[in-house]
Amino acid sequence: MERRVSPWLLLVVLLVAAASGRNARADPQVPCYFVFGDSLVDNGNNNDIASLARANYPPYGIDFPGGATGRFSNGLTTVDAISRLLGFDDYIPAYAGANNDQLLSGVNFASAAAGIRDETGQQLGQRISFGGQLQNYQAAVQQLVSILGDEDSAADHLSQCIFTVGMGSNDYLNNYFMPTVYSTSRQYTPEQYADVLVSQYTQQLRILYNNGARKVALMGVGQVGCSPNELAQQSSDGVTCVARINGAIEIFNRKLVELVDQFNTLPGAHFTYINAYGIFQDIIRSPGANGLTELTKGCCGVGRNNGQVTCLPFQTPCANRNEYLFWDAFHPTEAANILVGRRAYSAAQPSDVHPVDLQTLARL
């Protein structure tokens with residue numbers, strides 16, 4: 001006797017299958033993502049060290065699901081946005097609290113106030129310079145060798161990872177353009193200083209390459225001379241960006257493009273440059289296209305441009321945060337970070353990247 005399947009049962013099976021399909025997530029485009037940088041991408045590594053450069057208090061993180069985690073923004077950082085676009089389920093965790101399982105999919109070594117030069121940011125207390133971040137990375141690599149069984153397996157794993165490195169902002173903001181604390185602006189012209197920075201950066205990035213990094217994106221330094229802090233201190237009208245600062249940064253960024261070309265001559269190397277300066281400039285030129293209305297003031301801060309003193313603990317920030325370019329005296333809002341992250345991942349213009357965007361880098 002032929003048994004008939006109930007149409008209701010069939011409907012239930014189809015609905016469950018459809019729900020399963022919706023809930024199943026594709027694997028990320030790369031198995032792991034490692035982050036190096038400063039306060040633009042720090043997500044908690046400075047929380048438990050003796051530093052003034054910390055953001056583990058409200059209203060920082062007011063729009064982030066985990067609240068005030070140590071991110072210097074109201075919500076997502078650029079690398080949070082990038083990790084989403086790469087397909088990771090979770091944001092890349094801070095190295096300071098990461099476990100072995102998390103090491104396999106990547107960690108964030110970034111530290112607020114860090115620079116290429118070891119002395120950079122010292123007036124703010126403890127921080128993990130790029131040299132220190134590389135030491136932490138080398139320790140992590142040894143842990144990966146233990147987890148995966150041998151050096152060849154670790155090297156194969158790391159060769160598939162994406163690495164983003166964003167250093168240099170503090171070498172200008174908290175070094176060269178702070179003559180009361182640092183002597184570098186008296187020792188070097190902007191051209192000479194860029195050469196000195198790039199020479200040291202080259203040696204440091206070679207350590208990264210020698211320890212397995214093959215897909216490396218260098219984030220250019222953004223328009224520091226347009227931050228609310230610099231506008232408050234050095235702009236006559238509080239609107240016009242400080243050309244002296246931005247000009248020095250442009251010299252450094254041009255040398256980063258040459259640095260990428262040099263590294264791409266090494267076996268297996270796929271280095272690329274993300275033109276954060278140009279992307280930021282483009283956002284400032286046409287803010288309306290991105291829903292931004294306030295470009296010169298921090299959403300949270302004190303004094304002229306809300307930039308003379310940065311966001312204070314428990315201060316009430318602006319309500320329309322998605323319309324502000326800057327969250328505090330120095331750092332972009334989540335809205336701006338998402339815009340930069342999106343263009344780093346998928347270039348909107350050829351000038352956004354050199355030679356490839358992160359989406360392409362993931363496939364190489």
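Observations
- Cα centroid separation, region 185-210 to region 218-269 (Å): 14 Å
- By definition, a body whose alpha carbon gyration tensor gives a ≥ b ≥ c is oblate when a/c is 1.5 or more and a/b is not larger than b/c, and region 14-172 fits this oblate description.
- Relative contact order (%) - the chain, alpha-carbon pairs under 8 angstrom, separation at least six: 17 percent
- Ordering Ser227, Ser185 by accessible surface, largest first, gives Ser185, Ser227; the 1.4 Å probe counts only protein heavy atoms, with every chain in place.
- For Phe34, residues with placed amide H under 5 Å, excluding near neighbours: Ile162, Phe163, Thr164
- Accessible-area composition of the chain, carbon plus sulfur, in percent [1.4 Å probe]: 52 percent
- Residue-wise HN-Hα couplings along region 147-155, as the Karplus relation 6.51 cos²θ - 1.76 cosθ + 1.60 with θ = phi - 60° gives them from phi, are 5, 8, x, 7, 5, 5, 5, 5, 4 Hz; Gly and Pro carry x.
- Label-point separation in nm, Gln102 to Ile284, each point 7 Å along Cα→Cβ: 3.5 nm
- Of all the options Val242, Val340, Val353, the one that moves most in a Gaussian network model of the chain with Cα springs shorter than 10 angstrom is Val242.
- Calculated from the structure at hand, P(r) over Cα pairs in 20 Å bins from 0, in percent is found among [x] 31, 61, 9, 0; [y] 27, 43, 27, 3; [z] 29, 56, 11, 3, 0 as [z].
- Val302 accessible area, assembled protein chains, probe 1.4 Å, Å²: 60 Å²
- Approximate spin-label separation Gln160-Arg186, in nm, with each point projected 7 Å along Cα-to-Cβ: 5.4 nm
- Accessible surface, 1.4 Å probe, highest first, among residues His354, His157: His354, His157
- Relative to the longest principal axis of the Cα atoms of the chain, helix 334-345 runs at roughly 70 degrees.
- Between Asp118 and Asp150, residue separation times 0.36 nm minus the direct Cα-Cα distance comes to 8.3 nm.
- Relative to the longest principal axis of the Cα atoms of the chain, the long axis of helix 7-23 lies at roughly 20 degrees.
- Projected label distance in nm at Tyr57 and Ala243, using a 7 Å step from Cα toward the beta-carbon: 3.9 nm
- When the residues Asp48, Asp195, Asp90 are ordered by accessible surface, computed with a 1.4 Å probe over the protein chains alone, the sequence from largest down reads Asp48, Asp90, Asp195.
The values are calculated or read from the model by the stated rules, or taken from the named source; none is laboratory data. Please read all numbers here as calculations on a predicted model, not as lab measurements. Neighbour counts are summed over all protein chains in view; Cβ atoms, including those assigned to glycine, are modelled from backbone coordinates with ideal geometry. To get the accessible areas, we keep the full protein, side chains included, count just its heavy atoms, and leave off ligands, DNA and RNA. Shrake-Rupley method; radii C 1.70, N 1.55, O 1.52, S 1.80 Å.
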